[in-house]
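Following: one structure in structure tokens, then a few remarks.
A short reminder: the numbers here are calculations on the coordinates, not readings from a lab. Because the structure is predicted, anything quoted here is derived from the model rather than measured. Cβ placement follows ideal geometry from the backbone for every residue including glycine, while neighbour counts extend to all protein chains displayed.
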Amino acid sequence: MKVVVAEISQETNSFCPVHTTLSDYRRYGICFGQDYRESVRKIEIESEGIFTALEQEGIDYVPAIRMRAQASGKILPEVSQYFIENLDKVIDENPGLDGAVLSFHGATQSTESDDVCGDIVKHIREKLGRHAVIASSYDLHANITERIYDNTDIICGYLTYPHVDFYGAGYRAAKLCARILTGKEHMHIAWCSIPMIVPASGYNTSNGVFSELVKKAKKMVQDGLLFDYSIFQMQPWLDVSSGGSAIITISDSAKHAITCVQELSDEFKAIRHAMVPQLYSVEEIIKAGMKNDSGKPIILVDFSDSANAGAAGDNSDVLAKILELGAEHVDTALAVTDEPAVERAFHVGIGNTGDFEIGGTKDKNCSKPVKVRARVRSLHDGDFKLDGPSRGIVRHLGTCAVISVGKIDILVTRTMASTGDTQLYRHFGIEPMFYKLVAVKANISFYASYSNISSKIMFTDTGCAATADLKKLSFTRLPKSFHPFSDIDDFNVAAHIKVK
């Protein structure tokens, strides 16, 4: 038995004006063949989980290509074309393949296609034939379309949010694929997509109504009704013609797969109104920071400008409000994407003071620049290692700098990545524990790194491309009947279930 393994990942925010190019993928490093296998070895990510499971099950594999890019705007067609061309070459060089194990994000849109992942799996299905077993892993925020379901035998998503089981999703997909290939199991996979999206900042898998849904699904596995399940909260800033939040159940019994997917989908639909974040104004959070004598920082969560969710990361509303309130004396850490500010810092030089405009360089509809006089503290190449669930992975921000306005330390970068990881600050000499207020541009991912070192976590919405107020965004492609834009009380879950 032999399968091909490949990965392509990017989370698209339809409202981010910055397109994602092949150069963006090359910045993260595109890997081929054995270099692909070695690049992920002993790192807790999806592809390592895939390779490990296949090795344990004695399934031969051919590593083809791995491509990843930071969440941002729509990808250009050149990206998926490049991936498919290189994958096709490997498949053609290895006739008689028994299947494929693929790693996607799942919320990937191009300037020409609303369903890039669906296009790819459909192509691979046609290339390998109906006899082949195709398994794939996805982010919890994937858009699992009918095209993806129809052309895939196994679908496994992250089970946690904040995400800490990247490796597990890949491992499960490959393990179930291997069990089918070796004849150990006959599996039925059921799918139901519900026309709804909710703010990504409004739920997690540790507590609240969404965690209760996850517990119910876990019990179905523990009770032997299911081999596996996945609950997909569709990325809420994805404006596509075919989309929704979905449930996948996998069982050796078609009956169990159907009954479980219906029960979970009914509850998923029922809790949609409860998944919203508690919000504070930027001013309220800054004033709380001014009074913070706990010895731990207050975390100001500016999720709407989260680069993890595809926003531009260039909003400076927090800085503007601090200056307006005269709070420059409050120890504060900020991070802003701003290429001109980086170039200006390198020109001014370490230890010197200069005039800067911070923010509003990429998404001018959502962000405005703030004029400041700042001292350049340090200059950097922008490479840093993560310390969270993907410990050891290197992120590339391009050259960046730390500049200071009073006691406000601002990390200015050419691009932004992994904003929920404390290493985004620590690597560049900004230790979060030394500040009264730390601004984090992330939805929920930051919990894994910040929950144990903060005195309080407070959410705000600066109205950028990843806003929680979805009705303020100009969705044009979603179906007419879609939560939160219309009432879906009459949506019949049972009538929209598919099983194979």
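Quick rundown of the values:
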| read-out | value |
| --- | --- |
| Calculated P(r) tail over 18 Å for the stretch 22-76, as whole % of Cα pairs | 38 |
| Environment charge at Lys441 (Cβ cut-off 9 Å; Lys +1, Arg +1, Asp -1, Glu -1) | -2 |
| Neighbourhood charge, 12 Å Cβ-Cβ cut-off, centred on Asn492 and excluding it, Lys, Arg +1 and Asp, Glu -1 | -2 |
| Sites Ser486 and Glu283, calculated FRET efficiency, Cβ-Cβ separation with R0 35 Å, nearest 0.05 | 0.55 |
| Listed residue (Gly33, Ala465, Leu238) projecting farthest to the positive dipole end of the chain, Cβ model | Ala465 |
| Approximate spin-label separation Met1-Ala495, in nm, with each point projected 7 Å along Cα-to-Cβ | 4.0 |
| Semi-axis lengths (Å, descending) of the ellipsoid that matches the C-alpha gyration tensor of the stretch 375-500 | 38, 18, 16 |
| Whichever lysines have a C-alpha closer than 17 Å to that of Lys296, once near sequence neighbours (fewer than 8 apart) are set aside | Lys287, Lys407, Lys436, Lys456 |
| Top positive-direction residue, dipole computed over the chain with Cβ charges, set Ala135, Pro162, His483 | Pro162 |
| Inter-label distance, nm, simple model (7 Å from Cα along the C-beta direction), Val209/Asp293 | 4.0 |
| Cβ crowding within 10 Å averaged over residues, with 95-107, 304-316, 428-440, 225-237 ranked highest first | 304-316, 225-237, 95-107, 428-440 |
| Extension gain from Asp92 to Ser241, taking 0.36 nm per residue of separation minus the Cα-Cα distance | 50.3 nm |
| Hull volume in cubic angstrom per residue (convex hull over the Cα atoms of the chain) | 131 |
| Rotationally averaged projected area of the stretch 270-342 (alpha carbon convex hull; nm²) | 6.9 |
| Backbone N under 20 Å from the Arg477 label point (7 Å along Cα→Cβ), restricted to the stretch 181-209 | 193-200 |
| Length gained when the stretch Val221-His273 is fully extended (0.36 nm per residue, less Cα-Cα span) | 16.0 nm |
| Three-way shape label, the stretch 282-460, alpha-carbon gyration tensor, a/c 1.5 | rounded |
| Long-range Cα-Cα pairs in the stretch 155-224 (distance over 14 Å), rounded percent | 72 |
| Mean separation of Cα contacts under 8 Å, 6 or more apart, over the residue count of the stretch 95-212: relative contact order % | 23 |
| Restraint check, Lys175/Lys255; Lys127/Lys184; Lys216/Lys498; Lys219/Lys471, Cα-Cα greater than 32 Å | Lys219/Lys471 |
| Inter-label distance for Glu328 and Phe346, nm, one decimal - labels placed 7 Å from Cα along Cα-to-Cβ | 2.7 |
| Cα radius of gyration and Dmax for the stretch 451-500 (Å) | 17.5, 49 |
